[in-house]
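Student: My questions all concern the structure below.
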Amino acid sequence: MKYCSHCGKEIMDEAVICVNCGCSVNSQTSGQNISNPDDAPNTGFAILGFFIPLAGLILYLLNKDKFPLKAKSAGKGALIGFITGIVFTMLYAIVLGSILS
């Protein structure tokens, strides 16, 4: 997979036109990955999103168009952190309920 040089969305390797923005794909770079060199999965965004899911969601929404890989890291961290928080809250409520009753 490669990325559109105009909008940054992921496109098929064989694509001639980006299905998202409609711009033609440069034929000279058709065999190369056109991804943004500043875009890479970011562990820091994932960890921040895990511990502060709202911050991860905000980072995802701000970066999803220009830096999709960084945004995906923040989004995954936020989702995992949110689900983990819910699970621990439920376990805490069950344990507390069994102790008090």
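Student: Name the pairs whose Cβ atoms lie under 7 Å apart, with the first residue in the stretch 6-20 and of a type in the set (Asp, Glu), the second part of a loop (DSSP other than H, G, I, E, B), and 6 or more positions between them or separate chains?
Tutor: Qualifying pairs under 7 Å: GLU10/MET1; ASP13/MET1.
Student: Give SER27, SER101 a once-over and let me know the one that is in the same structural domain as TYR3 (by TED's automatic domain parsing) and either at pLDDT below 90 or within 17 Å of MET1 (Cα to Cα) (or both).
Tutor: Answer to the selection: SER27.
Student: Moving on to the next point. Would you tally the residues in the stretch 44-62 being surrounded by fewer than 21 Cβ atoms within 10 Å (Cβ to Cβ), closer than 13 Å to SER73 by Cβ and of a type in the set (Phe, Trp, Tyr)?
Tutor: Result for the stretch 44-62: 1.
The values are calculated or read from the model by the stated rules, or taken from the named source; none is laboratory data. Given the structure is predicted, the values throughout are model-derived calculations rather than measurements. We place every Cβ from the backbone using ideal geometry, glycine too, and count neighbours over all the protein chains shown.
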